[in-house]
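Below is one structure, written out as structure tokens, with a few remarks after it.
The values are calculated or read from the model by the stated rules, or taken from the named source; none is laboratory data. Source: prediction; values computed, not measured. Here the Cβ is made from the backbone with ideal geometry for all residues, glycine too, and neighbour counts use every protein chain on show.
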Amino acid sequence: MNEGWEIMMELKNFMEDVVLGKLDKVLDQYPDCCRCDQCRRDIAILALNHLPAHYSSTEKGEIFTRVQAMSLEYEVEVIQQIAKAIELVSAHPRHEKRA
């Protein structure tokens, strides 16, 4: 660990909360998509890898990020990336197809 850091800062990628908060709603539009933990995790990771990270280390920064997240354009991009990830994971799950 870096000896120059006396105070450990907590870093939070707010985008994780946004994606996880919208995941079930978008999954509802794909009834044939597997919802196992592995597929859900893969979907979230794929979506997050295609969205900009929004890190915050202070309450003020978190509030600013939440306000940004309320914009329609921002919400549409998140939903689009989740939908693309669902389609990819559905086509190529990392487990055997389930009956």
Check: Can we say residue 26 is among the hydrophobic types (A, V, I, L, M, F, W, C), at pLDDT below 95 and in a helix (DSSP H, G or I)?
Finding: no
Margin query: Looking only at residues that are more than 18 Å from residue 79 (Cα to Cα) and at pLDDT 95 or above in the range 37-60, which one is surrounded by the fewest Cβ atoms within 10 Å (Cβ to Cβ)?
Written below: 37
Next item on the list: Report the residue count in the range 62-86 for those that are out of contact with any helix residue (DSSP H, G or I) (no Cβ under 8 Å at 6 or more places or on another chain), modelled with pLDDT under 75 and surrounded by 14 or more Cβ atoms within 10 Å (Cβ to Cβ).
Entry: 1
